[in-house]
Each structure stands twice: as C-alpha cells, then as structure tokens.
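**Student:** Here it is, the structure, as structure tokens.
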Amino acid sequence: MKNIKIIYLFPILLFLILTNKDYILLGNEIKIINIKEDIENKPSIKNEEDIDLKYLIGKFNYKIDPNFTLVDNKFCREQMKLRIYLRKEVYIKFKEMHADALKSGVNLLIYSGTRNFDEQKSIWERKWELNFNKLKDSVKTAKKILLFSSMPCTSRHHWGTDLDLINLNNNYFETGQGLKEYKWLKENGSKFGFCQVYDDKSITKRTGYELEKWHWSYMPTSSKFLIQYIKKVNYNNINNFKGHHLASNKEINMIDNFVKGINSTCD
Ligand SMILES: [Zn+2]
C-alpha cells in the first residue's frame, strides 16, 4: 500500500520540481505553498528588496496598492478626514505610538500622510504661480518653495512612510501643549521607529529643507527606500512639472542637498 502511494506521488513531485513550485510534504499529502504571496502579505520590506522606480518617485496609485491602508478618522486632523493613507507597517506602529502618547495627554493627530506625484505637483505648481509672479526668477522661485515643500518626484511623502503631525508651524511647538507634544515625540518617537528627519540645520549642519517639527518618518522602511532612491533615481527621472529642469541646478541639487539632507541621527 505504502509503495503504491509513493509511486502515485512521484510524478506529482517531479512536476512541482520542474515547474519550480514550492511545496511541503504532509504525510501522504503534498501542499503547494505560495512563497511570493506570503512575502507580499508581510508588510515590512527587506534590505535587499528591489523597489520600483515609479514607486520611489510617487508615480503610482497608493489608494489601490496592497501595501497601503486608509487611516481611521479618529487619528486625523478634522480637515483631513477620509483622505490619509499610510503603508500598513507604518500605520501599525503609528497606532501603537498614538496609544502610548495618549497616556501622557498627547494626541498625535495626522495632518498629512502619503502624497503621490500628482498631489505634490498640484502643491508645487500652486506655489510656483504665487512665487514666480512676485520674484520673476525661476531659481529664486524654486528655492523659496523648497524652504518647506518638495519638488514632485523627490518627496518622502511619496513613500507612505512619512507623516506630518498636529500642526504645520514650528512656533506652535514652542510653548504650552505644542511643546509638551514635541517633547513627547522627541523622547518617545524612536521607540516606535519614528524620527524627525528635518531637524534644526543651523545646529546640525545638514543641507536641504528648513526645520520641520511636525514631519516624522518611519525609519525601518524609509531608510531602505532612501538607499533604493539614491541607487535608482537620477535627474532625468525628475520631470513633468513647472521648473523640473531646476532639480539639477547647482544652487539646488535636489538629490544631494534635499533627498539626502536628513537628520544624521535618524537611521
Ligand atoms: Zn511633511
């Protein structure tokens, strides 16, 4: 009887080996396992994982990407309800951080999460019109916008790993409840993987954007995306918006000065 089963299983096993399927033997049964699907269902990414160029520059639809999820209204600022998406692993850690902060009287509401290329383009071009009309100079216009806003294709918000929390004004975080919230984040954010990537560059001497006390990045994923970005993205990929040719201007140098210009203690 046992020999008959082995003879019966042999051609099936041969087929699985030849077709490169993954399987496990359970007694007399063969179970085919889908390793690829198992990896896709795991939200974290591996160091060596290859990330698509289009993802890195925000040219994808995060609303239908299986790695992303819609954030519950209760974590969002009033005006941002039903619109904030994050990568799943970022959302899990954010919720843990939010619950922990609440115990100290700090409510970490999200102002902004993922923004794709088209959304960043509409922010950029609105600011371009406003500033170019006053400055009449494209380099000055780009530099003015770049104090706090990214060029499309270069924003960390494309990745679903970065969050703007509570208030988009540094002054808010200097006194009262705002100071309490900022102190809590500085002391506790790293326990959950979050780091303030745009720290005070007058002290730390990094390049790029001004201080942003509200912008926090989930480093276990974003540090891997940054490595991929530096490897794959060049100035030819930064295109299709007003002033895109300025990305490589020597006074701007988007990739070296801005994309790489983050808090060196975040990793
Ligand atoms: Zn931000």
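**Student:** Which of the residues spanning region 164-202 are within 12 Å of the ligand (Cβ to nearest atom), closer than 24 Å to GLU78 by Cβ and in contact with a Ser or Thr (Cβ under 7 Å, 6 or more places away or on another chain)?
**Tutor:** Selection gives ASP164 alone.
**Student:** For the subset of region 203-246 comprising residues that are more than 16 Å from the ligand (Cβ to nearest atom), part of a loop (DSSP other than H, G, I, E, B) and exposed (fewer than 15 other Cβ atoms within 10 Å of the Cβ), which member is farthest from the chain's Cα centre (by Cα)?
**Tutor:** Ranking the qualifying residues of region 203-246, first place goes to LYS205.
**Student:** Identify, by number, the condition in (1) without any contact (Cβ under 8 Å) to a residue 40 or more places away in the chain; (2) touching a helix residue (DSSP H, G or I) at 6+ places or on another chain (Cβ under 7 Å); (3) of a type in the set (Lys, Arg) that LYS205 doesn't meet.
**Tutor:** (2)
**Student:** Give the number of residues within region 109-162 that are among the small types (Gly, Ala, Ser), within 14 Å of the ligand (Cβ to nearest atom) and either touching a residue at least 60 places away in the same chain (Cβ under 8 Å) or in a helix (DSSP H, G or I) (or both).
**Tutor:** Residues in region 109-162 being among the small types (Gly, Ala, Ser), within 14 Å of the ligand (Cβ to nearest atom) and either touching a residue at least 60 places away in the same chain (Cβ under 8 Å) or in a helix (DSSP H, G or I) (or both): 3 in total.
**Student:** State all residues of region 162-185 that are under 15 Å from HIS98 (Cβ atoms), out of contact with any Lys or Arg (no Cβ under 9 Å at 6 or more places or on another chain) and of a type in the set (Val, Ile, Thr); if no residue qualifies, say none.
**Tutor:** Once the filter is applied, which keeps residues that are under 15 Å from HIS98 (Cβ atoms), out of contact with any Lys or Arg (no Cβ under 9 Å at 6 or more places or on another chain) and of a type in the set (Val, Ile, Thr), region 162-185 yields nothing.
**Student:** Is it the case that ARG87 is of a type outside the set (Ser, Thr, Tyr) and touching a Ser or Thr at 6+ places or on another chain (Cβ under 8 Å)?
**Tutor:** Considered against the rule, which asks whether it is of a type outside the set (Ser, Thr, Tyr) and touching a Ser or Thr at 6+ places or on another chain (Cβ under 8 Å), ARG87 comes out as yes.
**Student:** Count, please, the residues in region 101-122 that happen to be over 17 Å from the mean Cα position of the chain (by Cα) and within 30 Å of GLY176 (Cβ to Cβ).
**Tutor:** 9
**Student:** Please specify each residue of region 187-206 satisfying the condition of being over 22 Å from ARG115 (Cβ atoms) and among the polar types (S, T, N, Q).
**Tutor:** Matches in region 187-206: ASN188, SER190, SER202, THR204.
**Student:** Something else about it: Give the residues of region 93-108 that are in contact (Cβ under 8 Å) with a residue 60 or more places away in the chain and either β-branched (Val, Ile, Thr) or part of a helix (DSSP H, G or I) (or both), sorted by residue number.
**Tutor:** LYS93, PHE94, GLU96, MET97, ASP100, ALA101, VAL106
**Student:** So, in region 94-108, how many residues would count as being within 15 Å of the ligand (Cβ to nearest atom) and either surrounded by fewer than 18 Cβ atoms within 10 Å (Cβ to Cβ) or on the phi > 0 side of the Ramachandran plot (or both)?
**Tutor:** Counting residues in region 94-108 that are within 15 Å of the ligand (Cβ to nearest atom) and either surrounded by fewer than 18 Cβ atoms within 10 Å (Cβ to Cβ) or on the phi > 0 side of the Ramachandran plot (or both) gives 0.
Each value in this text was obtained by applying a stated rule to the coordinates, not by laboratory testing. Only a predicted model underlies this, so the values are computations on that prediction, with no experimental measurement involved. Heads up, the Cβs are rebuilt from the backbone with ideal geometry, glycines too, and the neighbour counts pull from every protein chain shown.
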